[in-house]
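Structure first, commentary second.
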Amino acid sequence: MPINPDAVGNTGERAEITWSSKDSLLYALGVGAGITDPTGFELEFTTENTKDTPQQALPTQVVVMGAGGMPDFGDFNLAALLHAEQAIELHQTLPPEGTAIGQGRVAAIHDKGKAALVRLETTVTDTAGDPLWTSRSGLFISGEGGWGGDRGPANDWALPERDADRVLGYDTRPDQALLYRLNGDRNPLHSDPSFAAMAGFDRPILHGLCTYGFAGRALLHACCESDPARFGSMSGRFKSPVMPGERLDVHMWDEGDRTLFQTRVGDRVVFDAGVFTTR
């Protein structure tokens, strides 16, 4: 069967999520922590045994931590799926190790004409039942639109007509995708040259959520004084692929109680319509 527009509200099974100190260290390395100064910067994210430096977790780690079974919303060709949007909201500071309970649901399904946009939302609580984080993703599925459904709300994000208030960037490693994939996403598009060639790329590309994690580090350091307890929410749209080894620059504009941002490789926008808030 194709995408089922009536699946909105469907939920997946509640599931336990566990993560270890090692998981948090591996994620931090996977999104570039420690590259600029391995022994003097970001040690709270890359080590667990540094004197007077308790280990902490990067807030964007929540995107790789899962939430049980995906709620059913029909059948479709997985090759037609594109991860188009990603948002997270932290309700508590993410500990470097722990246990939580997560559940996913189909939040919305929009008809984009030649495609469907499926919005999934995952809510996660700690073992006491208190909200820990919420993750939202938008899946663009080609060939699944055209049933006459709601197109969904328009995005009112607009690029400010001034230079960025801050720009913070990091170089990715040539082997960044090989490192990041150890967090769980083993899609051969990011590791197998022959598979990447079939998809039209000269070589394997970087995971979109790795780009997201690099941007999250920049926002953490630029907007939160490197304090994960101040990291509130982060959202935006994936725009174009990144090749391992390219430099990611995050352009930030302060707009009242939020920060707008774009992630770019040179003049090419790779993550767009970014909105960040602090807690």
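Quick notes on this one:
- Filtered by the rule that a residue be farther than 15 Å from residue 8 by Cβ, part of a strand (DSSP E or B) and among the small types (Gly, Ala, Ser), region 138-154 gives a lone residue, 142.
- Single residue of region 172-200 satisfying the filter (part of a loop (DSSP other than H, G, I, E, B) and modelled with pLDDT of 95 or more) that is nearest to residue 86 (Cα to Cα): 172
- The sole residue among 117, 29 that is assigned to a strand (DSSP E or B), of a type in the set (A, V, I, L, M) and buried (at least 18 other Cβ atoms within 10 Å of the Cβ) is 117.
- Matching residues in region 79-99 - criterion: being part of a strand (DSSP E or B) and either closer than 12 Å to residue 134 by Cβ or not aliphatic (A, V, I, L, M) (or both): 83, 85, 86, 87, 88, 89, 90, 98, 99
- Residue check, residue 65 buried (at least 18 other Cβ atoms within 10 Å of the Cβ) and either of a type in the set (A, V, I, L, M) or at pLDDT below 95 (or both): yes
- Test for residue 170: is it at negative phi, assigned by TED's automatic domain parsing to the domain that holds residue 273, out of contact with any Pro (no Cβ under 7 Å at 6 or more places or on another chain) and surrounded by 20 or more Cβ atoms within 10 Å (Cβ to Cβ): no
- Restricting attention to region 1-43 and to residues that are small (Gly, Ala, Ser) and over 22 Å from the mean Cα position of the chain (by Cα), the residue that is nearest to residue 248 (Cα to Cα) turns out to be 40.
- Only listed residue being in contact with a helix residue (DSSP H, G or I) (Cβ under 6 Å, 6 or more places away or on another chain) and assigned to a strand (DSSP E or B), chosen from 248, 260: 248
The values are calculated or read from the model by the stated rules, or taken from the named source; none is laboratory data. Computed from a prediction, not measured in an experiment: that's the story for all the values here. Heads up, the Cβs are rebuilt from the backbone with ideal geometry, glycines too, and the neighbour counts pull from every protein chain shown.
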